[in-house]
Every structure is written in C-alpha cells, then in structure tokens.
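Asks: Attaching a single structure in structure tokens format; questions to follow.
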Amino acid sequence: MSAEIIDGKAFAAEVRAKVAEHVAKLAERGIKPGLAVVLVGEDPASQVYVRSKGKQTVEAGMESFEHKLDASTSEADLLALVDKLNNDPAVNGILVQLPLPDHIDEDKVINAIDPAKDVDGFHISNVGLLATGQKAMVPCTPLGCLMLLRDYFGSLSGKSAVVVGRSNIVGKPMAQLLLRDSCTVTIAHSRTKDIEDVVRQADIVVAAVGRPEMVTGDWLKKGAVVIDVGINRLPPAEEGAKGKLVGDVDFASASDVAGAITPVPGGVGPMTIACLLANTLTATCRANG
Ligand code: GUN
C-alpha cells in the first residue's frame, strides 16, 4: 500500500467543532439553530443515520426535532408536516430521509420544502442555483467530498475528474461542484463504454455507484486521488455475524496505485453529517440576516 489515507473522521470532527463555535456565538444573540429530520418507515440503515444525525446536532449546540412516521403515512399527511415545519420559526433546516415508501412521490415532497430550509440541497431551486453558479444549499455528501479534495490539493483548477455514478443526491451535484472549481469533469455510469479506460484518465475519482468494490486498482492512474462515497454491507461470512462494510472502491488494490484514498468507514460518511450541520448553520445565519 502506498496511498495516503484521507482521514474524513478527523476532518469532520474539525468541521463540527467550527460549527459548534459559531453556534455558541449565535446563542449570545438568543439564536439556536433547529434541524428537523423526518423519517418515514423503519428502514434499519435510515434509522441508524437519523439517530446519528440527532446526536451530532445536539452535540453542536443545535435543537434537534425528530419526526418518526409510520410506513403507511399518506403523502398528504407528510406534505402537511412539511408545511408545518416550513412555517415553524424554530426550524431552520428540514431533512426528509430518503428513500420514501413507494406510495409517496419523493420529488413532490422534496419540492414542498422551503428552499431556504432545504439543508439537503435537493429542492429544484437549489439544484438550479448550483448548476448556474449562484448561492445555493449544496447537497451534503458532495460538499463533504469537495472539502476533502480542496484540503488535499489546495486548488482543483485544471484537474481531470471522473465521477462514477449519476444520482441526483451525489453524482450530478458532485460534477457541478468540481466544474465550479474548474476541473475537467466526466460523469461515468452503468452504460459508459470502456469505463475502466475513462476512469484511468482521472486525477480525481469520485465513486458513488452503490456497487461494492467495483473500482479496482487497475482502473486508476498512478497517483490518482480516490474519494469513495459507497457504503455497502457484504453478506456475512458466517450466520449471525454482521457483513463487512465496504465502499464502491476495492481498497486493497486501489491503495497500491492511488496517491490518496478515503477509507470506508471513516472517510466520506462522517463528512456528510458534518456538512448537514454546516448547512443548518448557514440556513440559520441567512434567516437571521
Ligand atoms: N438517504 C441517503 N442519503 C441521504 C441524504 O443525504 N439525505 C437524505 N434526505 N436522505 C438520504
């Protein structure tokens, strides 16, 4: 192994500490940022995320409002809750955990959130603002990846970047952010021809496909910087045990070729929640002038 390990866990702790410092200053003015998280149903992975978000929100000195709704909640009831949160002055940020049950239209719910409180940056106005280089709420995972890359490189200008995956949550906004930082950006996906050759051109590889260990060392240019967004649980080796957590990158082979790489866990994951807190702080500051 020759790659430097990019310690997202340590970096995220620094971001959270800076957010907490700023929150303490707001408290002197009688302002306390509030983050509402809405979870519909009992998806175990979502429950873990939501618990972790709530805990870190409180640790940063913010108010956490958790709304856990039954899986059978109607779209109308969820929209009514979003409307209530939009109009609640104690709530500065609203996050509706995805995925939602099949009977609920995700786009309709996301676009019902007040764009100024859309700390996920998924509302169509924030998507448009980001795409046109205006002041937007930026999705947390890509923002966390960008922070790690800026910290590593300083300037990203002129770098060639390949984003593997084209989701609305990560792939597309990641490409927009890299473009805004003057990278030459390619989005590769399941239909990309000779994907290995495309990825091998990149100085920066961001893997966000949700396929365990898909990107292997032989896909990489020597010295490439690899950001692994994937969190996949492999089937357990024995019954009753928990499967190993792996990324979308095969860490063992990739770390022999890459210049630097994020581990899973402890890479991008902690940055996502840190950026959620940072976005909630931003929303609060904008709401209070
Ligand atoms: N589900 C997986 N990642 C995310 C995220 O960043 N935001 C929301 N709302 N749901 C998610």
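Asks: Please identify the pairs in which a residue from segment 109-136 that is at positive phi has its Cβ atom under 7 Å from the Cβ atom of a residue that is within 10 Å of the ligand (Cβ to nearest atom), counting only partners at least 6 apart or on another chain.
Replies: From residues that are at positive phi, the pairs are G121/P139.
Asks: Right, here's the next one. So which residues in segment 158-204 are on the phi > 0 side of the Ramachandran plot and surrounded by fewer than 16 Cβ atoms within 10 Å (Cβ to Cβ), if there are any at all?
Replies: Correct list: G158, S182, D194.
Asks: Identify all residues within segment 7-61 that are farther than 14 Å from A278 by Cα and acidic (D, E); write none if there are none.
Replies: D7, E28, E42, D43
Asks: Another question, then. How many of the residues in segment 18-32 are touching a strand residue (DSSP E or B) at 6+ places or on another chain (Cβ under 6 Å) and part of a helix (DSSP H, G or I)?
Replies: Number satisfying all stated conditions: 0.
Asks: Still on this structure, please answer the following. Can you say whether A10 is over 22 Å from I94 (Cβ atoms) and loosely packed, with under 14 Cβ neighbours inside 10 Å, as far as the supplied structure shows?
Replies: Answer is yes for this residue.
Readers should treat all values here as calculations from the given coordinates under stated rules, not as data from a laboratory. Everything numeric in this text was worked out from a predicted model, so none of it was measured. Cβ atoms come from the backbone with ideal geometry, glycine included; neighbour counts cover every protein chain shown.
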